[in-house]
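Everything on this sheet refers to the single structure shown next.
Values in this text are rule-based calculations from the coordinates and carry no lab data. Computed from a predicted model, the values in this text were never measured in an experiment. Positions of Cβ are backbone-derived with ideal geometry, glycine not excepted, and every protein chain shown enters the neighbour counts.
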Amino acid sequence: MTDTATATAKRTLGITEIKEYLPHRYPLLLVDRVLDVEVGKRITAIKNVTVNEEFFNGHFPHQPVMPGVLMIEAMAQTAAILSFMTMDVKPDENSVVYFVGIDNARFKRPVGPGDQLVMDVEILRVSRGIWKYKATASVDGKIAVEGELMCTIRANEKAAEQ
């Protein structure tokens, strides 16, 4: 396979590989599988939403709804995987991904137990260490949340001091 063919070939990641690209762990690891990656351009990943999620105990016991902030976080984690793959590096204990901004976030439908959140993220630009992405998350082909995310990757200052 040529380099061009390799770059455009469909690539999936299971949970073990995802954990190599994200420092997050239970209960805040919100990406279950990467379905497709076009390094440097876009990624599609899923979060299987189950009734066993801890946040459903309080949000809301009578009508379980995935918090919007966690849907945004799931899209941001998907974006972080794409960024690390694009840079061809894996994070270490000194890597931290911070939000810089969230623009035009819109919540279109509730997400609950049994839903599969499909996150589509594309890189809009990278400038001076700030990554900007267009992100959507949908269930059954209907958009649940969309927005533009801006993040930066920095060294964990506390870990560096030790």
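For the pair Asn57 and Arg25, label points projected 7 Å from Cα toward Cβ lie 1.9 nm apart. Geometric descriptor of the chain, per residue, is 132 Å³ (volume of the convex hull of the Cα atoms).
Apply 1/(1 + (r/R0)^6) to the Cβ-Cβ distance of Val96 and Val39, taking R0 = 22 Å, and write down the FRET efficiency to the nearest 0.05. It comes out at approximately 0.50. When peptides 104-115, 33-44, 75-86 are ranked by their average number of other Cβ atoms within 10 Å per residue, the highest-first order is 75-86, 33-44, 104-115. Across the stretch 27-85, Cα pairs under 8 Å and at least six residues apart give a relative contact order of 38 percent.
Note on Val89 and Arg109: the model spin-label points, each 7 Å out from Cα along the C-beta direction, lie 3.9 nm apart. Over the stretch 70-140, all Cα pairs binned in 5 Å intervals from 0 give whole-percent P(r) values of 3, 13, 26, 25, 15, 11, 6, 1, 0, listed from short to long. Counting only DSSP H runs of at least 4 residues, each contributing -39500 (n - 2.57), and dividing by the residue count of the chain, the helix-based mean residue ellipticity at 222 nm comes to -7000 deg cm²/dmol.
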